[in-house]
1. Wrap a convex hull around the Cα atoms of the chain, take a quarter of its surface area, and give that in square nanometres.
2. Of all DSSP beta bridges located in the chain, what percent are antiparallel, nearest 5?
3. Computed over the Cα atoms, what is the radius of gyration of region 44-99 divided by 2.2 N^0.38 Å, N being its residue count?
4. Relative contact order, percent, of region 8-98 when contacts are C-alpha pairs under 8 Å separated by at least 6 residues?
5. Helix 50-63 against the longest principal axis of the chain: what's the angle in degrees, Cα atoms only, rounded to the nearest 10?
6. Calculate for the chain the 222 nm mean residue ellipticity that helices alone would give, adding -39,500 (n - 2.57) per DSSP H run of length 4 or more and normalising by residue count, nearest 500 deg cm²/dmol.
């Protein structure tokens, strides 16, 4: 899951992570791979950006980067999103999320 065609790939900005979110879960956590994306359960509802905020907080914590280093690049209102994270390598991100 590195620089190739996996859900975690290197970009000039850091890494891009293809995610599939499942809002309104009992707690926020990574569920594994699903349909070629990293599936993430979020405790927040998909209302007023709450799920996106929860996603940014969770990924920042898991990847040990500041929240400002994480941004939802595409899919702001969709379950399928691309998140860009600065300050982490693709192999490290894949290991922390999927390993």
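Here, each number is a calculation from the coordinates, and none is a lab measurement. These numbers were taken from a predicted model, which means no experiment stands behind them.
1. Averaged projected hull area, Cα only: 5.4 nm².
2. Numbers: 19 of 23 bridges.
Roughly 85 percent of the beta bridges in the chain run antiparallel, per DSSP.
3. Values: Rg = 11.2 Å, N = 56, 2.2 N^0.38 = 10.2 Å.
In units of the 2.2 N^0.38 Å rule of thumb, it is 1.11.
4. Averaging sequence separation for qualifying contacts and normalising by length gives 34 percent for region 8-98.
5. Approximately 40 degrees, to the nearest ten.
6. Details: 2 runs with 23 residues, N = 99.
Calculated from helices alone, the mean residue ellipticity at 222 nm is -7000 deg cm²/dmol.
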